[in-house]
Structure formats: C-alpha cells, structure tokens
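Since the structure comes first, as structure tokens, the remarks are kept for the end.
The values are calculated or read from the model by the stated rules, or taken from the named source; none is laboratory data. Computed from a prediction, not measured in an experiment: that's the story for all the values here. Here the Cβ is made from the backbone with ideal geometry for all residues, glycine too, and neighbour counts use every protein chain on show.
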Amino acid sequence: MSYATEHIASALKAAREARGLSQRALSTKAGVPQSHISKIENGAVDLRVSSLVALARVLDLELMLVPRKTVSAVRSLVRSGSSPDAESGHRAPKELAQLRNAISHLSSDQLSTNELAQFQRYVRELENFLLTEADRENVGKSYRLFKKYLENSSDPQSLRDASEMLRRLRNVLAHRRIEDDENASVRPAYSLEEDDHG
C-alpha cells in the first residue's frame, strides 16, 4: 500500500473509532459492505472514490482537491484550526495518551530536567502525525521504558533510551511526510474507476 493510501485508510479508521462506530455500524450507515471496510482499513484493497465518498460523508469528513502548491498551507490551517487529536478526525493513539498522562503526573521539579523536557517535547511533536501500527508499537516500547524510569529514576538510562526512540520516530515521520509531499506528482492517491461496492 502506498503511503498516500495508507494515510487515507488510517484516517478513515481513526475517524470511525473516534465516533465509536464498529465496522458493521459504519457499513450500515454508508452502504459499503463491512468486509470491504475491513479490507480498506487493512490495506488489502484499493480504495475507490465511490467508497471513499460514502465513508467520508458518514464520518463527517470533507473530500477536496487542492492545488499542490497550497497543500502545506491547507495542512497548516487544519492543524491550527483544531487540536492534534481532532485533526482529520483522528485521536492521538492510546500509546501517546499514556505517555502524556504519565508526564502530567510528574512534578514541575522533575519536568525541569533537560532530559524530561526533551522527552515531553517529542511526545507533543508526535501528536501531529498520523501513526501506523508499527509507529504505535514503537511508542508503546518507549512508554514501557519510560515506566521503567519512573519506577527507578536513579537510573536515567531508560529515560534516555525512551527519548531516543521517540526522537528517531519523529525524524522518520517528518521525512516520510516530506517525501510524500515531494513525490505527490508521481503517486496517485486513488483511482477514478468505479467499484462494485458503491
């Protein structure tokens, strides 16, 4: 699955989950078979415009084509007009929410250390990206290392390791977004062919 298709499928899944809809409930409302929704979310089928339009309407999402030169500006407007959790209808994954929650329970004295402040910054920055399952697993690993640090703060190595994992992930995601913007003219995000599902 191309990054553009993966991004759309992830956004649809996140919007469905944010509205508390099962695939079956979304299927009923959108008129798209549940098996097709499952395949779309898992990247097992090409996403057709007819299915995308039907799903987007139910999930209160708007489809639009914008001139390529304005994509960065549109993304910036979307981010500034909503919180990262609400951007494009997705919630921050539970792994980031767990990290944010753990950090919120630290005292201001603890947060004043450079290493913890940097760790907190990486968590905030990651909330601006749509994470794949693999990305979420890496955040989960970082969370487990951070918990280890909280249990024994006299050994800061687990905090350093957790922070380094988030830093690397942030860099990968930032480069992925830049490459996607640069290659947008080469890779179509969807096909204009109609499918049998709507």
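General observations
- Among the residues making up region 32-68, those that are loosely packed, with under 14 Cβ neighbours inside 10 Å and assigned to a loop (DSSP other than H, G, I, E, B) are ASN42, ALA44, ASP60, GLU62, LEU63, MET64, LEU65, VAL66, PRO67.
- One residue from ASN138, ASN114, ASN152, ASN128 being within 24 Å of ALA11 (Cβ to Cβ) and either without any contact (Cβ under 8 Å) to a residue 40 or more places away in the chain or small (Gly, Ala, Ser) (or both): ASN138
- Filter pass, LEU131 being in a helix (DSSP H, G or I) and among the aliphatic types (A, V, I, L, M): no
- Considering residues of region 1-31 that are part of a helix (DSSP H, G or I) and without any contact (Cβ under 8 Å) to a residue 24 or more places away in the chain only, the residue surrounded by the fewest Cβ atoms within 10 Å (Cβ to Cβ): ARG24
- In region 177-189, the residues that are modelled with pLDDT under 55 and of a type in the set (Val, Ile, Thr): VAL186
- Whichever residue in region 144-176 is more than 16 Å from TYR122 (Cβ to Cβ) and acidic (Asp, Glu) and, among such residues, is modelled with the lowest pLDDT: ASP155
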